[in-house]
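The structure appears below as structure tokens.
The values are calculated or read from the model by the stated rules, or taken from the named source; none is laboratory data. Keep in mind that what you see is a predicted model, and the values were worked out from it rather than measured. Positions of Cβ are backbone-derived with ideal geometry, glycine not excepted, and every protein chain shown enters the neighbour counts.
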Amino acid sequence: MTNCAIVIAPHFDKGGANNLFAAQCEYYRRKNWRVLLILCAEFKKRKYEYRNFRSELRADLVTTLHLGSAEKDIRFLISHRLLGEDSDDFVHRNFMNRAGRLDPEATAFLRGKEVKEICVNWCDNVDLAIALRRRFGQESARIVLHTHDVMADWSAWNQKRGARRRGLELKWSAAADHLVHVSEVDARYYARELGRSQTTSYVTLDPTVENALTLLSRRPKRSTILYVGSWNVANPPGMDWFFRQVLPFVDPDAKIVIAGSICGYIRERLSHQYGRHANVHLLGPVDDIAEYYERAAVVMMPTMSATGASIKFIEALAMGAPFVLSAPALRGAPEAVKAAVKPFVADRPIEFANKLNAMLGGEPPAVDLRRLYWEHFSNEAFFRRLGAASEAAQAERGAASAS
């Protein structure tokens, strides 16, 4: 019987978390397992939005689960909010209830295969994994949960919602056989709350991105500053801070290149600030980010708050590109890495600008940044940690079955 793994992930279009999904699929493929990737979308996605996921994320087969039409879903979510029910809980239960409704191709794919492991991204998909295990008679399959972050932190602004979300998060997480975290901070939190062993994997890059960034030699263009970011909720405050408080002190001859969907936010909300600077270039999403890292004299990461870990920080390390960042951008990094890059950290506007100005010449950094990447964040380091997590999950699953 052929060994198989199921990877369950939210549907993100070009999001940073896709790096982890791709690395997870590659980990199982290197074990010569077949891989089914299930993308969970709250709203029905058009086929063109995920048609490239098979090649990009290294799965043998990609399928989706969704609730139906977007208009119908919005009405459902609004009605449940009005009734006082948490919409996250509502969406979670709907995905779980649809576990038996995989499309015929996915059902046929699982036929005749032994599902050894179900890799779950984010806790609200754990019950879906349990339902799939039961539905397809794969009770021995172990469930490894990749938490990514403490999701309740995003609801901290609302005490009642935050408390409810925290309770749901811990309940769903406790049902997995083993937990994997991207940071020591998250590992300590879950160990304290659940009282069980954990694995800290840290983050890594999509294997294709890793190859692109680590094989290139830097050819920096003098006075070029690069920022890469999506319209993730953690990025707009950093852009607000940079444009309002840092940019006035940056060398006026510097060329500031910004890539990613964050450009939409800047055009809509910060047009007054960026419009006064002719050297600010908004590229929007780009197909090949490696060439921009290759040409940047310095990369900036003005992060004001964050959960999980920063992909842009990992990309800069892989490229060996010098950078200036604020302390929150280091969330999720091992203490040894934080200590090594301390000279690049600046939390006050003038200090941040001065460090950017000092690096505009494109000189190589004094710290071997690529060595930090290979030791802590490379695919190989990530795969070793996943191997340890799989062994722990197998032992915990065996103990649970025996009891």
Quick one: in the stretch 253-304, of everything that is out of contact with any Phe, Trp or Tyr (no Cβ under 9 Å at 6 or more places or on another chain) and among the polar types (S, T, N, Q), which residue is modelled with the highest pLDDT? Asn279
Does Leu247 meet the test of being touching a helix residue (DSSP H, G or I) at 6+ places or on another chain (Cβ under 9 Å), in contact (Cβ under 8 Å) with a residue 12 or more places away in the chain, within 26 Å of Asn19 (Cβ to Cβ) and of a type in the set (A, V, I, L, M, F, W, C)? no
Looking at the stretch 151-164, can you tell me whether even one residue there is closer than 23 Å to Glu396 by Cβ and hydrophobic (A, V, I, L, M, F, W, C)? yes
From Gly68, Gly112, Gly100, Gly84, which residue is at pLDDT 65 or above and either over 20 Å from Ala22 (Cα atoms) or surrounded by fewer than 19 Cβ atoms within 10 Å (Cβ to Cβ) (or both)? Gly112
Step by step: first the residues of the stretch 11-32, then only those that are modelled with pLDDT of 90 or more and in a loop (DSSP other than H, G, I, E, B), then the one that is nearest to Phe313 (Cα to Cα). Which residue is that? Lys31
Selection from the stretch 126-150 of residues that are out of contact with any Phe, Trp or Tyr (no Cβ under 7 Å at 6 or more places or on another chain), of a type outside the set (Gly, Ala, Ser) and over 19 Å from Ala23 (Cα atoms): Ile130, Leu132, Arg133, Arg134, Arg135, Phe136, Gln138, Glu139
Residues (β-branched (Val, Ile, Thr), touching a Phe, Trp or Tyr at 6+ places or on another chain (Cβ under 6 Å) and modelled with pLDDT under 90) located in the stretch 200-252: none
Residues that are out of contact with any Phe, Trp or Tyr (no Cβ under 7 Å at 6 or more places or on another chain), hydrophobic (A, V, I, L, M, F, W, C) and part of a strand (DSSP E or B): does the stretch 175-182 have at least one? yes
Taking into account only those residues within the stretch 341-362 that are touching a Lys or Arg at 6+ places or on another chain (Cβ under 9 Å) and over 21 Å from Lys221 (Cβ atoms), which is surrounded by the fewest Cβ atoms within 10 Å (Cβ to Cβ)? Pro343
Flag for Val185 being in contact with a helix residue (DSSP H, G or I) (Cβ under 7 Å, 6 or more places away or on another chain), among the aliphatic types (A, V, I, L, M) and touching a residue at least 60 places away in the same chain (Cβ under 8 Å): no
Check Glu139, Glu169 and return the single one that is assigned to a helix (DSSP H, G or I) and among the charged types (D, E, K, R). Glu169
Options Leu283, Leu330, Leu270; residue that is in contact with a Lys or Arg (Cβ under 6 Å, 6 or more places away or on another chain) and either outside the structural domain of Leu20 (by TED's automatic domain parsing) or surrounded by fewer than 16 Cβ atoms within 10 Å (Cβ to Cβ) (or both): Leu330
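For (1) outside the structural domain of Gly320 (by TED's automatic domain parsing); (2) within 14 Å of the chain's Cα centre (by Cα); (3) surrounded by 14 or more Cβ atoms within 10 Å (Cβ to Cβ); (4) more than 30 Å from Ala176 (Cα to Cα), each residue gets a yes or a no:
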| residue | (1), (2), (3), (4) |
| --- | --- |
| Arg188 | yes, no, no, no |
| Thr199 | yes, no, yes, no |
| Asn211 | no, no, yes, yes |
| Pro220 | no, no, yes, yes |
| Ser223 | no, no, yes, yes |
| Tyr227 | no, no, yes, yes |
| Ala234 | no, yes, yes, no |
| Pro237 | no, no, yes, yes |
